[in-house]
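Enquirer: Pasting in a structure now, in structure tokens, and then I'll have a few things to ask.
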Amino acid sequence: CLSVSTLGLIVYLGMMVGAVMLGGLADKLGRKKCLILSLAINAAFAFLSSFVQGYGFFLFCRLISGLGIGGSLPIVFAYFSEFLSREKRGEHLSWLCMFWMIGGIFASAMAWSIIPHYGWGFSMGTNYHFHSWRVFVLVCALPCIASLVALKFMPESPRFLLEIGKHDEAWMILKQVHDTNMRAKGEPERVFTVSYIKTPKQIDEFIEIQSSTGTWYQRWLVRITTTFKQVWDNVLYCLTAQYRMNTLMLAVVWFTMALSYYGLIVWFPDMIRYLQDEAYESRVKIFDEEEVSHFTFNFTLENQIHRNGEYRNDKFIGMKFKEVRFEDSLFEDCYFEDVTSSETFFENCTIISTVFYNTDLILFGVKRHRLKAIFINKRVCSTVDGGNRCQRFSFGLLPVGGSMLISAVCCFFLFFGNSESAMIGWQCLFCGASIAAWNALDVITVELYPTDKRATAFGILNGLCKFGAILGNSIFASFVGITKVVPILLASSALVGGGLLALRLPETRDQVLM
């Protein structure tokens, strides 16, 4: 089966690169332009990934899609914050954070409603199969496409326009925002006035000179290299004396938060599944050397192991196998029709004159004798000898510091969660406290940097966050079923350290954006 963890890590890797690269470009090329580019990359490669057949090409599409996702995050926070008043900035940025959770709920709802419907796909010959999980991937790309369309009607950030000296455009956008707000307040007669305009920057003369000389590719090469040099200078600027301490403290807070949150988010469901499997396996029914003939199975078989059995002239019609294993068994003159299964395998069985029609069963090392019409109208998996080719996708600030410390307490109490319900309860508390910390962390990151460095700084820190997510996913998942001491202690320690450091971050509540 395909590794779900590999699929998740490859997306995080793309997000890490995209956050740094596209976040930096947004400070030079514009918020709207780079946000459109990020969304277009995500939409195009998410759409493409729903159709590709090879695992390698699928991973590549998810990697590039992740690049677009990662790039959109720092840009959208910088872009949105630059339209907000000081009094409402924290509140409305928190609303923006909430839509990440709404997106997660949407994806979960779509997965629940689409993936189980195997019949929603189609096949073209024996090599191309479009199954229901591909429909799910396609549907999840639709909000991104809708955002692209909506963004075409949005203006550029007025603060960015002021930074590059386009005062007239910035003035018109600010006037439009002012007039809209005044009409909403019932004061349409209020006149928009400007008391101060920032001195414009000089346009890079080197680029302008090259625009009128040389060949077209030489001019583009100069523009590209100059732009990336400017992005790199912005990265270095975040480490100058004025911002070094804030950047380093934020880097530690972002990293510790990501390591703990994303690590535990993976560890929680795997640990709950492990507890469920333990309880489930304790109730397994084992049948040895049973002989069944001329019988019709039209009901669900669940959590069973059948060894050395003999089944002759039996019918399996309109039924479901759930966690069933047949080992070294004989099936002679049997008929399977409209059979669905989950975690069901036929291992080293002998099949004689048996028909499988419209099933998704998996055969390992089967000894075939006069095997008829195996897997007519197959749904998901192909008949396999000696291996499984079935593909599965499962597809400081007191608010920051305080929320991280509360998350650490919730994490510590996982030591006492030995049941599924206890684990779920503490997971809910942990996630609630963590989301509060994420919201506050996003707000303070936006407010600590000037307009011409804001998206770059957010991109660097968000890229570091995704690096922490990759480490957390890899480390925590390796301890499932072995011990819960290491994941809990590691997450709690990281959250306490990051939370205490977050308390030393400067207060930005009443600060005007630079």
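Enquirer: Just one of the numbered conditions (1) open to solvent by less than 60 Å² (accessible area, probe 1.4 Å); (2) under 22 Å from the mean Cα position of the chain (by Cα); (3) modelled with pLDDT of 85 or more is not true of Val480; which one?
Expert: (3)
Enquirer: Restricting the first residue to the range 289-315 and requiring it to be closer than 15 Å to Phe336 by Cβ and in the same structural domain as Phe326 (by the TED database), which pairs with a second residue that is surrounded by fewer than 16 Cβ atoms within 10 Å (Cβ to Cβ) and small (Gly, Ala, Ser) meet a Cβ separation below 6 Å and a spacing of at least six or different chains?
Expert: Asn298/Gly318; Arg312/Ser293; Asn313/Ser293
Enquirer: If you don't mind, another one. Every residue in the range 143-166 that is touching a helix residue (DSSP H, G or I) at 6+ places or on another chain (Cβ under 9 Å) and outside any loop (DSSP other than H, G, I, E, B), please.
Expert: Pro143, Cys144, Ile145, Ser147, Leu148, Leu151, Pro158, Arg159, Phe160, Leu161, Leu162, Glu163
Enquirer: While we're looking at this one, here's another question. Is it the case that Phe192 is under 30 Å from Phe51 (Cβ atoms) and in a loop (DSSP other than H, G, I, E, B)?
Expert: Spelling it out, it is not the case that Phe192 is under 30 Å from Phe51 (Cβ atoms) and in a loop (DSSP other than H, G, I, E, B).
Enquirer: Something else: Quick check, is Ser329 modelled with pLDDT of 90 or more, buried (at least 16 other Cβ atoms within 10 Å of the Cβ) and in contact with a Lys or Arg (Cβ under 8 Å, 6 or more places away or on another chain)?
Expert: Yes, satisfied.
Enquirer: Can you tell me which residues in the range 219-235 are out of contact with any Ser or Thr (no Cβ under 7 Å at 6 or more places or on another chain), open to solvent by less than 80 Å² (accessible area, probe 1.4 Å) and of a type outside the set (Val, Ile, Thr)?
Expert: Across the range 219-235, the qualifying residues are Gln230, Asp233.
Enquirer: Of all residues in the range 401-420, count the ones that are open to solvent by 30 Å² or more (accessible area, probe 1.4 Å) and either closer than 20 Å to Met249 by Cβ or part of a helix (DSSP H, G or I) (or both). Please lay out each step first, then the result.
Expert: First pass over the range 401-420, keeping only residues open to solvent by 30 Å² or more (accessible area, probe 1.4 Å): 405-406, 409, 412-413, 415-416, 418-420.
Now narrow it down to the ones that are either closer than 20 Å to Met249 by Cβ or part of a helix (DSSP H, G or I) (or both): 405-406, 409, 412-413, 415-416, 420.
Residues flagged as open to solvent by 30 Å² or more (accessible area, probe 1.4 Å) and either closer than 20 Å to Met249 by Cβ or part of a helix (DSSP H, G or I) (or both) within the range 401-420 amount to 8.
Enquirer: For the structure I just gave you, tell me whether Ser329 is under 30 Å from Arg273 (Cβ atoms) and touching a Cys at 6+ places or on another chain (Cβ under 9 Å).
Expert: In short, yes.
Enquirer: Looking only at the range 421-459, filter to residues that are of a type in the set (S, T, N, Q) and under 15 Å from Ile406 (Cβ atoms); which one of those is least open to solvent (accessible area, probe 1.4 Å)?
Expert: Ser434
Enquirer: Something else now. Do we have Val284 as aliphatic (A, V, I, L, M) and at pLDDT 90 or above here?
Expert: Considered against the rule, which asks whether it is aliphatic (A, V, I, L, M) and at pLDDT 90 or above, Val284 comes out as no.
Enquirer: In the range 351-367, how many residues are modelled with pLDDT of 75 or more and not in a strand (DSSP E or B)?
Expert: 2
The values are calculated or read from the model by the stated rules, or taken from the named source; none is laboratory data. Keep in mind that what you see is a predicted model, and the values were worked out from it rather than measured. As a convention, Cβ positions derive from the backbone with ideal geometry for all residues, glycine included, and neighbour counts pool all protein chains shown. With ligands, DNA and RNA removed, areas are computed over all heavy atoms of the protein, side chains included. Shrake-Rupley method; radii C 1.70, N 1.55, O 1.52, S 1.80 Å.
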